[in-house]
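Below is one structure, written out as structure tokens; the observations come after it.
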Amino acid sequence: MKVHTLSLKNFRNIGEIQLSFNEGVNIIYGENAQGKTNILEALWLFTGMRSFRASKDAEQILFGQSNAKIKTEFVSRGIEQSAEITFSEKKTALLNEIKQSSVNNFAAEYHAVIFSPEHLSLVKGGPKERRQFCDNALCQIKPGFYEYLSKYKKNLVQRNALLKDYKYNTSIEMMLDIFEENLAQLGTKIILQRKRYLNALSEQVKHIYHGISSGKEEIELVYMGSFDAESEEKTKDAFLKALKNSRSEDVNSLTTSVGPHRDDIDIFINGISARKFGSQGQQRSAVLALKLGEANVLKDKTGEQPIALLDDVMSELDEQRQDYILHHIDGWQVFITCCDPHTILRLKEGKTFHIAGGKLSDTTEPKT
Ligand SMILES: Nc1ncnc2c1ncn2[C@@H]1O[C@H](COP(=O)(O)OP(=O)(O)OP(=O)(O)O)[C@@H](O)[C@H]1O
Ligand SMILES: [Mg+2]
């Protein structure tokens with residue numbers, strides 16, 4: 001999909017702005033605190049998902065105003081479409097001029113991936129971030145996955161609650177058996193789906209990372225289970241066995257120490273852990289490859305290429321890596337924010353927008 005225009009009214013520090021974009025690369029540049037990320041945030045909100053800044057709706061309205069409006073015209077599935085969100089006491093959403101019960105309805109038409117510096121936690125942070133990254137993608141592409149996941153979580157809460165009683169009353173063992181059987185059944189589905197997704201993702205990420213690093217580095221993603229399973233078929237038996245084996249330890253900690261809720265995805269660059277030993281540029285490149293790889297897998301399923309919103313991605317990347325982002329993300333519409341005006345000098349094709357104080361102060365038309 002491609003975004004043609006964006007209009008903002010009273011959104012964050014922006015009083016009023018109208019932007020019309022290039023179908024390739026768009027660079028939004030300016031000094032700190034001028035409104036660059038605010039523009040990307042607006043472009044993200046049409047996905048129907050929460051802001052990556054995790055703020056309340058009211059925080060998005062320009063201070064002193066009572067409402068804000070954001071509107072876009074875009075092409076998706078070959079159709080010219082429009083989407084509009086009004087933030088006031090209540091949020092209202094229009095898709096192609098028709099009122100929607102929720103902004104979530106936009107998700108079927110408008111697709112984007114976002115990289116922001118906070119997402120570096122995907123490589124640097126704990127396993128929870130990586131599990132969520134994987135599960136969020138699966139919720140979008142595998143109907144039923146969300147249900148497995150929520151049922152699994154409920155059974156986990158039940159098992160943990162029972163562990164407390166089991167300490168003093170071993171006669172509830174039968175109930176514990178039931179919850180463990182449920183956990184093994186649901187957990188196996190989750191693990192297998194994650195592994196399959198990781199295989200598809202891995203292929204994309206390897207290719208993209210190879211490009212970003214000009215072929216100098218190789219990335220590898222490895223699913224790290226919290227118990228050993230010889231094969232896919234044997235996963236359920238192995239999980240059940242691991243649950244039984246960890247019972248006495250779990251009774252003491254009152255938690256379940258094995259299962260997909262404890263699994264992780266290890267990221268290796270040239271065979272070394274990116275989390276522990278990766279340089280800042282390598283970690284940034286890895287997150288970017290994961291995000292773009294995720295979008296490519298999604299594209300294979302939906303047929304629509306998401307737009308890429310890259311907030312402050314250039315800092316800490318050397319010129320070769322920056323050039324890859326500027327010139328080699330084929331077929332994507334990309335929106336990049338940066339402070340350094342030198343970046344725009346290297347742009348061969350595309351459009352640049354200079355933002356100062358929430359206003360557009362200069363636009364460079366596409367070079368051909
Ligand atoms: N609701 C609001 N009303 C008015 N101003 C706001 C509102 N929300 C945020 N701002 C201000 O918008 C300004 C620009 O924010 P933004 O995050 O877009 O900056 P930026 O250009 O991306 O800067 P940086 O280069 O530092 O990332 C900030 O100074 C912020 O305080
Ligand atoms: Mg910013």
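Name the helices (runs of 4 or more DSSP H) wholly inside segment 87-166 in which the number of residues that are in the same structural domain as Thr188 (by TED's automatic domain parsing) and open to solvent by 50 Å² or more (accessible area, probe 1.4 Å) is 2 or more.
Hits in segment 87-166: 127-141, 145-166.
Kindly evaluate Ala54 against the criterion of being of a type in the set (Gly, Ala, Ser), outside any loop (DSSP other than H, G, I, E, B) and at pLDDT below 95.
No: the conditions fail for Ala54.
Considering each residue of segment 32-47, count those that are under 17 Å from Ala295 (Cα atoms) and open to solvent by 20 Å² or more (accessible area, probe 1.4 Å), and give that number.
Number satisfying all stated conditions: 1.
State all residues of segment 260-315 that are at negative phi and acidic (Asp, Glu); if no residue qualifies, say none.
Asp263, Asp264, Asp266, Glu294, Asp300, Glu304, Asp311
Give segment 331-368 a look and list any residue that's at pLDDT 90 or above and among the aliphatic types (A, V, I, L, M), or say none.
Listed by number, the residues that qualify are Val334, Ile336, Ile355, Ala356, Leu360.
Being surrounded by fewer than 19 Cβ atoms within 10 Å (Cβ to Cβ) and not in a loop (DSSP other than H, G, I, E, B) is the filter here, so list the residues in segment 262-274 that pass it.
Correct list: Arg262, Asp264, Asp266, Phe268, Ile272, Ser273.
Of all residues in segment 107-134, count the ones that are within 17 Å of Ser315 (Cβ to Cβ) and modelled with pLDDT under 90.
Here the count works out to 0.
Taking segment 167-193 as the search range and keeping residues that are touching a residue at least 24 places away in the same chain (Cβ under 8 Å) and farther than 24 Å from Asp264 by Cα, which one is surrounded by the most Cβ atoms within 10 Å (Cβ to Cβ)?
That would be Leu176.
Under 6 Å by Cβ, and 6 or more places apart or on different chains, what pairs join a residue from segment 242-260 that is over 21 Å from Arg194 (Cβ atoms) with one that is open to solvent by less than 20 Å² (accessible area, probe 1.4 Å) and not aromatic (Phe, Trp, Tyr)?
Partner pairs satisfying both residue conditions: Asp250/Leu163; Asp250/Thr256; Val251/Leu163; Leu254/Leu163.
Go through segment 54-72 residue by residue and tally those that are of a type in the set (D, E, K, R) and either surrounded by 15 or more Cβ atoms within 10 Å (Cβ to Cβ) or over 18 Å from Asn13 (Cβ atoms) (or both).
Total satisfying the criteria: 3.
Give the residue, chosen from Gly24, Gly30, Gly64, that is more than 16 Å from ligand 2 (Cβ to nearest atom) and touching a residue at least 40 places away in the same chain (Cβ under 8 Å).
Gly24
Please work out which one of (1) within 16 Å of ligand 2 (Cβ to nearest atom); (2) open to solvent by 10 Å² or more (accessible area, probe 1.4 Å); (3) assigned to a strand (DSSP E or B) is the condition Val75 fails and give its number.
(1)
In this structure, does Phe63 turn out to be assigned by TED's automatic domain parsing to the domain that holds Ala356, touching a helix residue (DSSP H, G or I) at 6+ places or on another chain (Cβ under 8 Å), in a loop (DSSP other than H, G, I, E, B) and not small (Gly, Ala, Ser)?
Criteria not met by Phe63.
Can you tell me which residues in segment 302-352 are more than 16 Å from ligand 2 (Cβ to nearest atom), surrounded by fewer than 16 Cβ atoms within 10 Å (Cβ to Cβ) and under 17 Å from Ile39 (Cβ atoms)?
Hits for segment 302-352: nothing passes.
The values are calculated or read from the model by the stated rules, or taken from the named source; none is laboratory data. All of these numbers come straight from a predicted model, not from anything done at the bench. Neighbour counts are summed over all protein chains in view; Cβ atoms, including those assigned to glycine, are modelled from backbone coordinates with ideal geometry. All accessible areas refer to the heavy atoms of the entire protein, side chains included, with ligands and DNA or RNA removed. Shrake-Rupley method; radii C 1.70, N 1.55, O 1.52, S 1.80 Å.
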